[in-house]
């Protein structure tokens with residue numbers, strides 16, 4: 001293990017207990033990352049901000065009491081509650097109190113209180129080649145793939161150690177040789193009409209994440225313009241169904257201007273020609289409910305973007321949801337404010353929808369027991385909700401979700417998938 005004099009100073013406690021604790025943890029974890037030394041980082045995103053029990057609160061408050069301070073610009077992932085709106089939901093008061101204490105602890109360390117899983121939608125974004133330490137799987141895969149920044153998938157409690165010391169393992173996706181594509185997925189047999197549908201990206205990502213394992217996937221054959229929301233949905237689905245932290249799209253993502261560049265001059269380990277049968281099977285996996293009863297529509301995992309608010313506002317304009325069905329959008333405070341300023345929130349509110357900030361239904365005990373069947377356009381929600389929330393789930397497009405909320409029963413248009 002090659003430690004610099006500065007690393008050793010932290011390890012020996014010369015800069016205080018907080019940095020000593022952080023460096024001790026980093027040193028202990030270095031072999032697990034396959035590294036022998038650390039590198040400097042210039043930014044961090046902290047998933048540890050999420051309250052998950054007394055242990056995570058104790059950890060945060062211990063660092064805070066030792067006057068820990070982050071040494072690089074650091075954003076915060078979702079919290080365990082909507083700090084100011086938790087009373088509108090089924091959140092226990094004790095959970096809320098401890099979550100808010102944990103939020104305060106991380107703010108005291110100098111972290112920016114973004115409270116979002118998609119800080120790249122509002123804050124200064126990492127740039128191509130920038131070394132950072134980010135937690136939260138959907139955020140990690142977005143900045144690695146879409147922005148070309150470099151980070152491993154940092155777990156809770158370790159991410160803040162990197163932010164406090166400004167150091168991270170020189171291993172994994174921090175290194176150029178580990179960022180080359182390995183598997184090739186071809187979309188030559190996928191109709192353009194399906195590629196234009198927003199639900200396609202979650203399904204494709206769900207398939208690739210489960211299929212790719214720890215390999216870096218490369219995708220070719222898109223015949224449509226890919227928005228950041230498409231790429232966000234694609235990556236979030238991959239990172240949910242699998243361990244993918246980086247993907248390349250030929251001619252779209254920054255490290256894949258050509259096939260040769262994407263694979264670093266090497267040949268693919270394996271090629272997969274995507275078929276409609278593969279995609280239909282993957283789509284079927286994202287729905288666990290039967291029948292047409294619907295209790296709730298949940299959108300915003302990862303957190304809703306301004307573009308998604310615009311699309312939803314257009315779909316619900318002049319409509320009203322069924323009174324029995326709850327309609328929830330989760331977003332960051334800043335994007336919610338921007339959506340309000342742009343006039344997107346009023347139609348959603350008139351429709352009967354609610355916008356919650358700071359948190360996520362997967363990480364906060366906010367849903368009442370009456371929610372048994374949930375519909376979403378998020379493959380991440382669809383993947384995790386049955387296990388984490390105990391709900392049945394239906395996956396569909398944004399338009400499917402709105403139409404179902406209006407009618408009060410599940411309505412999905414499968415015509416594009418049956419082609």
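For the condition touching a strand residue (DSSP E or B) at 6+ places or on another chain (Cβ under 8 Å), at pLDDT 95 or above and assigned to a helix (DSSP H, G or I), what is the one hit in 327, 309, 304?
309
All but one of (1) closer than 25 Å to residue 92 by Cβ; (2) surrounded by 15 or more Cβ atoms within 10 Å (Cβ to Cβ) hold for residue 351, so report the exception by its number.
(1)
Being under 18 Å from the mean Cα position of the chain (by Cα) and over 19 Å from residue 15 (Cβ atoms) is the filter here, so list the residues in region 51-85 that pass it.
Within region 51-85, 51, 52, 75, 76, 77, 78, 79, 80, 81, 82 qualify.
Restricting the search to region 53-73, which residues are assigned to a loop (DSSP other than H, G, I, E, B) and more than 13 Å from residue 101 (Cβ to Cβ)?
66, 67, 68, 69, 70, 71, 72, 73
If you go through region 127-170 one residue at a time, how many are out of contact with any helix residue (DSSP H, G or I) (no Cβ under 9 Å at 6 or more places or on another chain) and buried (at least 24 other Cβ atoms within 10 Å of the Cβ)?
1
Identify the residue in region 110-124 that is surrounded by fewer than 21 Cβ atoms within 10 Å (Cβ to Cβ) and touching a strand residue (DSSP E or B) at 6+ places or on another chain (Cβ under 8 Å) and, among all such residues, is modelled with the lowest pLDDT.
Ranking the qualifying residues of region 110-124, first place goes to 123.
Is at least one residue of region 277-286 surrounded by fewer than 16 Cβ atoms within 10 Å (Cβ to Cβ) and either in contact with a helix residue (DSSP H, G or I) (Cβ under 9 Å, 6 or more places away or on another chain) or assigned to a loop (DSSP other than H, G, I, E, B) (or both)?
Checked against the condition, which is being surrounded by fewer than 16 Cβ atoms within 10 Å (Cβ to Cβ) and either in contact with a helix residue (DSSP H, G or I) (Cβ under 9 Å, 6 or more places away or on another chain) or assigned to a loop (DSSP other than H, G, I, E, B) (or both), region 277-286 yields at least one hit.
For residues in region 292-329 being without any contact (Cβ under 8 Å) to a residue 60 or more places away in the chain and crowded, with 16+ Cβ neighbours inside 10 Å, which is nearest to the chain's Cα centre (by Cα)?
If we take residues in region 292-329 being without any contact (Cβ under 8 Å) to a residue 60 or more places away in the chain and crowded, with 16+ Cβ neighbours inside 10 Å, then 304 is nearest to the chain's Cα centre (by Cα).
Conditions first: (1) surrounded by fewer than 18 Cβ atoms within 10 Å (Cβ to Cβ); (2) under 24 Å from the mean Cα position of the chain (by Cα); (3) at pLDDT 95 or above; (4) more than 25 Å from residue 400 (Cβ to Cβ). Residue 228 passes all but one, so which condition is the exception?
The one condition residue 228 does not meet is (4).
Mind listing whichever residues of region 341-371 are within 23 Å of the chain's Cα centre (by Cα) and within 22 Å of residue 75 (Cβ to Cβ)?
Scanning region 341-371 gives 355, 356, 357, 358, 359, 360, 361, 362, 363, 364.
Out of curiosity, is residue 236 under 17 Å from the mean Cα position of the chain (by Cα), part of a helix (DSSP H, G or I) and under 18 Å from residue 202 (Cα atoms)?
On the way: under 17 Å from the mean Cα position of the chain (by Cα): yes; part of a helix (DSSP H, G or I): yes; under 18 Å from residue 202 (Cα atoms): yes.
Spelling it out, residue 236 is indeed under 17 Å from the mean Cα position of the chain (by Cα), part of a helix (DSSP H, G or I) and under 18 Å from residue 202 (Cα atoms).
Within region 15-40, how many residues are assigned to a loop (DSSP other than H, G, I, E, B), touching a helix residue (DSSP H, G or I) at 6+ places or on another chain (Cβ under 8 Å) and over 14 Å from residue 3 (Cα atoms)?
Number satisfying all stated conditions: 2.
I need a count of the residues in region 268-289 that are free of Cβ contacts under 8 Å to residues at least 40 places away in the same chain and over 18 Å from residue 187 (Cα atoms).
So the count comes out to 1.
Among the numbered criteria (1) crowded, with 20+ Cβ neighbours inside 10 Å; (2) closer than 28 Å to residue 156 by Cβ; (3) not assigned by TED's automatic domain parsing to the domain that holds residue 44, which single criterion is violated by residue 184?
(2)
The values are calculated or read from the model by the stated rules, or taken from the named source; none is laboratory data. Everything quoted here is computed from the prediction, not taken from an experiment. When we count neighbours, we look across all protein chains shown, and the Cβ atoms used for this are built from the backbone with ideal geometry, even at glycine.
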